[in-house]
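In what follows, a single structure is set out as structure tokens and then discussed.
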Number of protein chains: 2
Amino acid sequence: MSVHSFTERGLIEKNLPTARSINPARLPPGDKREAILRAATTVFAHNGYFNSKVADIAREAGVADGTVYLYFKSKEEILHSIFDRSVEDAIAEARKKKIESLSDPREKLRQIAHLHLERLGADRDLAVVFQVELRGSTKFMEEFSAAGFAEYLMLIRTTFEEGQQAGVFRSDLNAKVVSKILFGALDEMATNWILSKRRYKLPPMADQVLDIFLNGVNAS
Amino acid sequence: MSVHSFTERGLIEKNLPTARSINPARLPPGDKREAILRAATTVFAHNGYFNSKVADIAREAGVADGTVYLYFKSKEEILHSIFDRSVEDAIAEARKKKIESLSDPREKLRQIAHLHLERLGADRDLAVVFQVELRGSTKFMEEFSAAGFAEYLMLIRTTFEEGQQAGVFRSDLNAKVVSKILFGALDEMATNWILSKRRYKLPPMADQVLDIFLNGVNAS
DNA sequence: AGTGAATGAATGAACGCTCACTCAGTCGAG
DNA sequence: CTCGACTGAGTGAGCGTTCATTCATTCACT
């Protein structure tokens, strides 16, 4: 591995001198940072945060141990950054899809749920970090729940309240509780998907959850 | 906090030397094991599993570091034991309450949910270990999901299927998915309760979850 | 164009601390 | 005295972090 990264580096330096002149900033500063984040996601997902060594991450990213500290001030900051980046991305995607402006609250919730499971379903390692590693300490949980997580719950809740106002949803329900239920159900779908040996598509589960959420399970 | 537990220990050792001579078998064999398990639950809940030192657990339990290893072969085994004991206890309580023999599947699910949240609601530290610490690594998750956890999911699922057979629940639903949804919702109630600053009763949430689970949120 | 000084990204060996676990010894009961 | 539960200082491996060093690249100045 130090062999590996050395080789890689050697190749780049030997074979791409022209490429260099073509792209003068041949190693965009974000590129190595990116590589480290991806590597960390993989390593954390496979070994768990506490069992992962910074050296493992560096090796996976093809850089030296010390390089990690040029981009992140600690191992913990790497974990935080993984979370932050993903939340940013998700929000950006939600904006692009204009979910916010849907008029039917039921459809809006359905789209939110879909996006939730699509994102996690698209990157198993990232999903493991989100569903398992990020929950591994109350400290993280509290920090994160203060941040993007609580905001997400709030989005669900607000959407539900809009629906209540519009007479689409039962008005006798506590929106706070309702939003937790929906989130919990989706969250469990994701966790189960990770742990399952069977490879199935995660996003379609959103529809099943929404069906029951909206209509319940009673036959009556 | 280390100050706190230190103080506690100081008091015990200074004030209870007579108590010792009064009770000749002052430490029934199971008693110390018990003390260590309780201490570990507290320590894990406060600092997280990986940040907890065996020395912390020993101090909290009022025993020497080495004593811990007379009862458990590793730190990891302590965590396992906390889980195992709690699951055993829960199963025992379910037996005692004769939940298994209830005839209405809806009522049965309600009782299961109640028991679930009652147990976690009764011991915040234990709840933290269950909701947060035990999820902190895929390794644990996989081991545990193989064990009692999967069995619990199965109990919910079987109960639901009974209800489908009896025509009480919609027959067009996948029981496996349904059971995950219910579990996920309850699980989220527990996690939120832990993280919340507000002190409310957890068990009543079971009814709210069941209401929505059974009837859905649609106004129609 | 050619030079070499300055820059700073990258390196990885080494450091220093933490902590799970051990074991030689103490203590008290029978 | 014996036995075994218990003790806690000690140990050594593991690992996050640092930093002296390397070297490709840039640039000021001829």
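What follows draws every value from the coordinates through simple rules; no lab data is involved. These numbers come from a predicted model, not from an experiment. Every residue, glycine as well, gets a Cβ built from its backbone with ideal geometry; the counts of neighbours run over all protein chains shown.
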Fewest-first ranking of A:His46, B:His116, A:His114, using other Cβ atoms within 10 Å as the exposure measure
A:His46, A:His114, B:His116
Counting only other chains, and only Cβ atoms inside 10 Å, what mean value do you get across the residues of A:203-209?
2
Can you check what the net charge comes to around A:Ile194, using other residues whose Cβ is under 14 Å from the Cβ of A:Ile194 (Lys, Arg +1; Asp, Glu -1)?
+4
Between A:Glu88 and B:Asp172, what is the label-to-label distance in nm when each label sits 7 Å out along the Cα-to-Cβ direction?
4.4
Magnitude of the charge dipole, region A:74-220, Cβ model with Lys/Arg +1 and Asp/Glu -1, debye to 20
420
So for region B:82-220, taking the charge dipole from beta-carbon charges (+1 Lys/Arg, -1 Asp/Glu), which of B:Gly216, B:Gly163, B:Ile99 sits furthest toward the positive end?
B:Gly216
Global form of region A:122-220, assessed from the alpha-carbon gyration tensor, a/c cut-off 1.5
oblate
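Just to confirm a number: summing +1 for Lys and Arg and -1 for Asp and Glu over residues other than B:Gly216 whose beta-carbon lies under 12 angstrom from that of B:Gly216, what do you get?
Result for the neighbourhood of B:Gly216: +1.
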May I ask for the net charge around A:Phe44, where only other residues with Cβ less than 12 Å from the Cβ of A:Phe44 are counted and Lys, Arg are +1 while Asp, Glu are -1?
-2
Label-to-label distance, nm, for residues given as B:Asp207 and A:Glu143 (7 Å Cα→Cβ offset):
4.0
Using the 10 angstrom Cβ neighbour count as an exposure proxy, how do A:Tyr152, A:Tyr200, A:Tyr49, A:Tyr69 rank, fewest first?
A:Tyr200, A:Tyr69, A:Tyr152, A:Tyr49
When you look at the Cβ of every residue in B:167-180, what mean number of other chain Cβ atoms sits within 10 Å?
4
Per-residue Cβ counts within 10 Å, from other chains only, averaged over B:184-196: what number is that?
6
